[in-house]
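Trainee: Let me begin by handing over the structure; questions about it come next.
The values are calculated or read from the model by the stated rules, or taken from the named source; none is laboratory data. Keep in mind that this is a model prediction, so the values were computed, not measured. Glycine also receives a Cβ, built like all others from the backbone with ideal geometry; neighbour counts cover every protein chain displayed. When the accessible area is computed, the model is the full protein with side chains, heavy atoms only, and any ligands, DNA or RNA have been set aside. Shrake-Rupley method; radii C 1.70, N 1.55, O 1.52, S 1.80 Å.
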Amino acid sequence: MFLAEIMNQYNLSLSKVEALTGVDRTTISLLKNNKYNGNREIEQQIIDKLNSHGYTYKKRRFRVNSDVFIQTQNVLQFKDLCDELSAGDLTSSFGIVSGVAGRGKTMTAKWYAVQNSQAVYILFVDGMTIPQLLRKICFEITGLKPRSFYDCLEDIERNTKIKRHLVLIDEADKMPKRHIEMLRGMNEQCLCPVVLIGEETITSKLREERRLKSRVRRIINFEPLSISDVVTFYEIAVGISPDPSVALKLWERSQGDFRIIVRDAYAVVRMMNASEAAGITPEMVAKL
């Protein structure tokens, strides 16, 4: 039945429904929250009376808002590290963000760069040479792409004296050690803090070199998303709050991987719209 949906759509309080139908608010509350153990025909009687007053259920089509960004605990730690590097001294001006794929590292880095004008996002691509990497950093900071390696350094240094910048380098676990050494030199000459983002192997590369390890301010590991993160995503991105048992099953399926959570949300929404359901059922999750 659609009692809860009708009440939510019209923002009807328990006292309002009681006044319109003559049914006591305790029974209405139990029915609305699917906790009523008596004859369920009373729910249809309430709905019929609400319909007679013009409160009819309107079919809702759900969609996934792909622009939603959830500030998980991982995101908050990332932000705290970047804020600290941007504002603090430069004695230890490297940050490391590691974690397996699917935990939201890339999305978080892009989000931070959009929110903070002093931060630039760089995606390292396999095969990128040291001059190409520095030229990309220079372009993101200054808008220029000098052909010379040293001209790039000079332009970055000149610009960072005016405005401090934070360089976020994604897929840094794929970078050869020589590239990281170059970043250390850039950091030293241009006073430009760097955050290296990648899978867990990035930490071992820095530990092998004392002069790199000593520059690391902090290492953050992106943990699997929590059940509460799943619930928050559905509340904000879809507009529904899954029952605790359903949220648990969705979380178990995802194994804390944000990509799987989003993919499952699209599939669930298709099933909800096809069946005109108002919420996610265990049967829907079983079909994923």
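Trainee: Which GluC sites (Glu not before Pro) from the stretch 214-288 combine a DSSP loop assignment with at most 11 other Cβ atoms within 10 Å? Let's see the in-between values first.
Mentor: Details: sites: Glu235, Glu252, Glu276, Glu283; in loops: Glu276.
Those that pass, being in a loop and sparsely packed, are Glu276.
Trainee: A further question on this structure: Hey, got the dipole for the stretch 46-113? About the Cα centre, +1 on K and R Cβ, -1 on D and E Cβ, debye to the nearest 20? It would help to have the intermediate numbers written out before the result.
Mentor: Numbers: 10 positive and 6 negative charges, 165 e Å.
Dipole magnitude for the stretch 46-113 comes out near 800 debye.
Trainee: Then there is this: As a test of reading the structure, rank Asp155, Asp67, Asp48 by solvent-accessible area (1.4 Å probe, protein chains only), most first.
Mentor: The ordering from most to least exposed comes out as Asp67, Asp48, Asp155.
Trainee: Can I ask one more? Report the label-to-label distance for Ser204 and Val68 in nanometres (one decimal), using points 7 Å from each Cα along the Cα→Cβ vector.
Mentor: For the pair Ser204/Val68, the computed spacing is 3.7 nm.
Trainee: Pick out, in residue order, every one of the trypsin sites (Lys or Arg not before Pro) in the stretch 61-110 that is DSSP loop and has at most 16 other C-beta atoms within 10 Å; say none if there are none. Don't skip to the end; give the middle numbers.
Mentor: Values: sites: Arg61, Arg63, Lys79, Arg103, Lys105, Lys110; in loops: Arg61, Arg63, Arg103.
Here the trypsin sites (Lys or Arg not before Pro) that fit, given the DSSP loop and packing criteria, are Arg61, Arg63.
Trainee: Here's a follow-up. Sorting Leu248, Leu153 by accessible area (1.4 Å probe), largest first, what list results? Spell out each step's value before the answer.
Mentor: Details: Leu248 65, Leu153 15 Å².
The residues order as Leu248, Leu153, largest area first.
Trainee: Also: Whole number in Å², please: accessible area per residue of the stretch 196-288, 1.4 Å probe, ligands, DNA and RNA not counted.
Mentor: Ligands and nucleic acids excluded, the result is 52 Å² per residue.
Trainee: Counting only helical runs of four or more DSSP H residues, what would the 222 nm mean residue ellipticity of the chain come to if each run contributes -39,500 (n - 2.57) and the total is spread over all its residues? Before the final figure, lay out each step's value.
Mentor: Numbers: 15 runs with 156 residues, N = 288.
Rounded to the nearest 500, the figure is -16000 deg cm²/dmol.
Trainee: Among Ile70, Ile240, Ile162, which one shows the highest mean-square fluctuation when the chain is modelled as a Gaussian network with alpha-carbon springs under 10 Å?
Mentor: With Cα springs under 10 Å in the chain, the top fluctuation among Ile70, Ile240, Ile162 is at Ile162.
Trainee: For a quick check, take a GNM of the chain with Cα springs below 10 Å and name the residue from Leu14, Leu225, Leu196 with the largest mean-square fluctuation.
Mentor: Leu14
Trainee: On to the next question. May I ask you to derive the FRET efficiency for Asn51 and Glu283 from their Cβ-Cβ distance with R0 = 35 Å, giving the value to the nearest 0.05?
Mentor: Working: r = 28 Å, r/R0 = 0.79.
Working from the Cβ atoms, E equals 0.80.
Trainee: Taking only protein heavy atoms and a 1.4 Å probe, what accessible area per residue, in Å², does the stretch 85-191 have with all protein chains in place?
Mentor: Solvent-accessible surface per residue comes out at 46 Å².
Trainee: Right, next: How much of the accessible area of the chain, probe 1.4 Å, is carbon plus sulfur, in whole percent?
Mentor: On the way: 7270 of 14940 Å².
C and S fraction of accessible area: 49 percent.
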